[in-house]
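The numbers here are math on the coordinates, done by the rules we state, and not lab data. Predicted, not measured: the structure shown is a model, and the values here were computed from it. FYI the Cβ positions are ideal-geometry reconstructions off the backbone, even for glycines, and counts take in every protein chain you see.
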Amino acid sequence: MNQTIASLTPVQDRGGPAQPLLVVRDLKKHFPVRGGPLERTKKFVHAVDGVSFSVPKGKTLGIVGESGCGKSTTARLIARLMAADAGNMVFDGEGVDEFGGIRLKEFRRNLQMVFQDSFASLNPRLTIAETIAYGPRVHGMPAAEAKRLADDLLARVGLEPDQFASRYPHELSGGQRQRVNIARALAFDPRLVILDEAVAALDKSVQAQVLNLLQELKAERQLTYLFISHDLHVVHYISDYVMVMYLGQVVETGPVERIYGQAAHPYTRALLSAVPSMDPDNRTQASPLAGDPPNPINPPSGCRFHDRCPHAHPVCAATAPALIGMAGEPAHLAACHLNDPNSGHPAALSEIQP
Ligand code: SF4
């Protein structure tokens, strides 16, 4: 049963399927860092630096990139767990604002997050059923109704209420706890769920079960997912679209098969070729991605990937490439001078196809 929280009116689909559920524009977050006593200028970590994208309704956008690329900070900014320095969001056609458009309270209920650490996300003093019922109770749902909702959701995520409702988090396995976290997120009847490395800590077999559950729930409830992961196999399996981030910026985005089959950015190609192959005859011999990402306090000029890119040319350090559409697939965007015949890069356009 798809119950909703009685005290809040569910947000209706306002613009039809063609209207993206979420549009993010020029999101920025720079964290100040403490300098030494003699340092005059204040320094900042450029965690998220002008990120823009949209997520179509009922689709999954996978966000990938190395540690520190800004993918989790982007998720927290979207969820308003921290304030952005700049940028704005549109949720189903309405600006997300405390004073105009969709109200923050309503937006937060429509957006739920599931984190990697299934144990830390749960209150150890509450039973599983109390955990799931807690949010709806706070929003005014009567106790008996909230209990019924919790039991329904437990059953839906594969945990028999008679067996699990009265257990505490420490009595469950990691996979069972993550199912509880998913049930708790669904208790708000959200439209957008952000899954931040949500299956990363699970064994492969349990991971597959949870991924299949997420796929079923997405279809049943017309959910839209933002799926953040460092695991490119998992992202390939679950995503409809993929966004690749590097040092706080989007370097490529597009339909999943296009990104995995015809990546247009050297960083994406390096990430993909670093994925361990299941085929023993096709094992990667050397890492195509040398070194660590540069210091985000002082990111490289121009293209931020230029000091690790095998195709770098002086124009790459001088001018930042814009995200531009690729031939034949307008939803496929990449930020690399190789794809722009007017960029001044001598190999431009000869390197689009891997
Ligand atoms: Fe490499 Fe230049 Fe493209 Fe950046 S813009 S990815 S440095 S070729």
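What does the charge count around Glu130 come to, taking other residues whose C-beta lies under 13 Å from its C-beta (Lys +1, Arg +1, Asp -1, Glu -1)?
Local charge sum for Glu130: +4.
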Percent relative contact order for the range 223-263, counting Cα pairs under 8 Å at least six residues apart, stands at 28
Listed by chain and number, the lysines with an alpha carbon less than 19 angstrom from that of Lys43, same-chain partners under 8 positions apart left out, are Lys28, Lys29
Here the range 70-79 yields Karplus 3J(HN,Hα) values (6.51, -1.76, 1.60; θ = phi - 60°; whole Hz; Gly and Pro given as x) of x, 5, 6, 5, 4, 4, 5, 5, 5, 6
Rounded to a whole number, the Stokes-Einstein D of the range 126-187 in µm²/s (Kirkwood radius over Cα pairs; 10 °C; 1.306 mPa s) is 143
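Using the Cα atoms of the chain to build a convex hull, what is its mean projected area in square nanometres?
21.2
Which number do you get for Rg(Cα) / (2.2 N^0.38 Å) in the range 38-137? If you can, show how the numbers build up before the last one.
Details: Rg = 17.0 Å, N = 100, 2.2 N^0.38 = 12.7 Å.
Relative to the rule-of-thumb radius for its length, the range 38-137 sits at 1.34.
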For the chain, averaging the sequence separation of alpha carbon pairs under 8 Å that lie six or more residues apart and dividing by its residue count, the contact order in percent is 18
With +1 on the Cβ of every Lys and Arg and -1 on the Cβ of every Asp and Glu, the dipole magnitude of the chain about its Cα centre, in debye rounded to the nearest 20, is 900
Relative to the compact-globule estimate 2.2 N^0.38 Å (N residues), the Cα gyration radius of the range 91-195 stands at a ratio of 1.12
Per DSSP, the loop-located trypsin sites (Lys or Arg not before Pro) within the range 40-122 having at most 15 other beta carbons within 10 Å are Arg40, Lys42, Arg80, Arg103
Computed ³J(HN,Hα) along the range 263-273: with the Karplus parameters 6.51/-1.76/1.60, θ = phi - 60°, integer Hz and x for glycine or proline, the list is 4, 10, 10, x, 5, 4, 4, 5, 4, 5, 7
Diffing the range 248-262: the Karplus 3J(HN,Hα) column from phi (6.51, -1.76, 1.60, θ = phi - 60°), in whole Hz with x for Gly and Pro, holds x, 10, 7, 9, 7, 8, x, x, 4, 5, 5, 5, 6, x, 9
For the range 126-187, the dipole about the Cα centre with charges only on Cβ (Lys and Arg +1, Asp and Glu -1), to the nearest 20 debye, works out at 180
